1. With the Cα gyration tensor of segment 300-411 in hand, convert its eigenvalues to equivalent ellipsoid semi-axes via √(5λ) and list them largest first in whole Å.
2. So if R0 is 35 Å, what FRET efficiency would K391 and D253 give, r being the distance between their Cβ atoms, rounded to the nearest 0.05?
3. On a C-alpha basis, how far is the centre of segment 29-76 from the centre of segment 353-395 in Å? Whole number, if you could?
4. Taking amide hydrogens as modeled 1.01 Å from N in the peptide plane, which residues meet the under 5 Å criterion relative to F75, leaving out close sequence neighbours?
5. Under a crude label model (7 Å from the Cα following the beta-carbon direction), how far is T414 from Q302 in nanometres?
6. Between E458 and K369, how high is the FRET efficiency from 1/(1 + (r/R0)^6) when r is the Cβ-Cβ distance and R₀ = 30 Å? Nearest 0.05.
7. Considering the Cα trace of segment 1-82, what is its radius of gyration and what is Dmax, both in angstroms?
8. Provide the gained length on full extension for the span I398 to I283, in nm with one decimal, where the gain is 0.36 nm per separating residue minus the Cα-Cα distance.
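No value in this document is a laboratory result; all are computed from the given coordinates. Everything numeric here is computed off the predicted structure, so don't read it as measured data. All Cβ positions, glycine included, derive from the backbone under ideal geometry; neighbour counts span all protein chains shown.
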Amino acid sequence: MYEPIIGLEIHAQLLTHTKLFCGCLTRFGDPPNTHTCPVCLGLPGSLPVLNMEAVSHAIKLALAVNAKIHLKSTFARKNYFYPDLPKGYQITQYKEPIATDGYLEIEVDGKKKRIGIERINMEEDAGKSIHNGFPDSNQKTYLDFNRCGIPLLEIVGKPEIYSPKEAVEFLSLLRTILQYLEICDGNMEEGSLRCDANLSIRRKGEKKLGVKTEIKNLNSFRFLQRALQYEIERQIEILESGKELKQETRYWDANQNKTVPMRTKEEAHDYRYFPEPDLPPLIINNNWIEKIKKTLPELPHQKIERFVNQYQIPYKDAKILCFDRNLADYFEKTVKITKLPKITSNWILTEVLRYLKELNKDISQFPVKPEELADLILLIEKKEISGKIAKEILPEMISTGKKASQIVKEKRLTQITNEDEIRKIAQKVIANNPKSLEQYKQGKTKVFGFFVGQIMKETKGKANPQLVNKILQELLKK
Ligand code: ZN
Ligand code: MN
């Protein structure tokens, strides 16, 4: 039996107004090379000035992941040549990062587990190469330096993850925290959150770590899960066949559904780190940290706990709601009106999420506002409509923008709660099905459901189910 040992390294693009070392705007989607200056283009004689908004963001994350914040940290140059890196080096943190030794507590299959975070480095992003025409011979590569110098946090996790599932949990919790803190939008497709993974395997019980592979380009949760699974199987196969693994960097090829070699240890970069002479050490004080601490929002795990206690909903439901801050807000706004936490949470987790998935939208774009969903839920609670009818009304609210009560009125969907009316229909159904009645009397109680179904059919689903049950029981007893 083998066990995988996984460590994640995550780059989070920070939501600051300007870049890390210059005053250029960080705005996404503008025409190429419209946000550049001598500093971020690395022109000779220009000097970097540290953006304190980015430092404040780094402190926020450090506090949220229980890391030790260092009052003194320094910057270093990481040297390598690449066309999208005009300076020829990246300014990052190396020997003295802003924070070390944090952890996240994840929950997998009902069990809680701590995963360490080794360090958080502040660094700048590189520009973007846009390859055009590949693989034709007349391929051209264009460079956009708008992204060059945008602040990143490099979050280096400890190799304490033992399955692809745990890796996905870790990344999604970290992403949620970044979004709660409003320091990164967490958009993996657009590259504002990027993930690389280290993976090695060893026989269970063995202490020594195996040869590790680094996997790049894991820009979705699905890719992370698949790439790790693929890599575990690939490494086991090699070891089982008696061959040796080599230390290498691979990337996830989403088209081929596999990891592909990028470079081996021999081709690995030597970054020749050295202290950045243009930047003094970053010195921060405890007052500032305390001030920032007071601005921290309620964090995901705190919100989950509060939902479980305050609303008495199951942990797993609270977790789904709270992993999306907007969804949690939507729930709380709705429940404030309905005062029915359990039903409200069920409606959001089943019906609302199903439509969001179908519409490929997130909750902030959902056309039904919390007060409108609350109205719908209250109509069921007041027994004006059945739950089944309510489920038919919701898509109509989505497509027409009409309120639930209006749709009910227009379509005459009000629930039948008149006992005499239901009794008459029930009597008719029983009279029309003598065979079923006979079976019921012989002890085939399953037939009861058949009668309920027939009554619902007669009333187009409008009969109150509790009353139908009650009346049928009375009639069949005779
Ligand atoms: Zn600039
Ligand atoms: Mn990095």
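1. Details: eigenvalues 115, 50, 22 Å².
Largest first, segment 300-411 gives 24, 16, 10 Å.
2. 0.25
3. 44 Å
4. Long-range HN contacts for F75: E276, L282.
5. Roughly 4.8 nm, to one decimal.
6. On the way: r = 35 Å, r/R0 = 1.18.
So, using R0 = 30 Å, E works out to roughly 0.25.
7. When restricted to the Cα atoms of segment 1-82, Rg and Dmax are 16.9, 58 Å.
8. Values: separation 115, 0.36 × 115 = 41.40 nm, distance 5.29 nm.
Stretched out fully, the I398 to I283 stretch lengthens by 36.1 nm.
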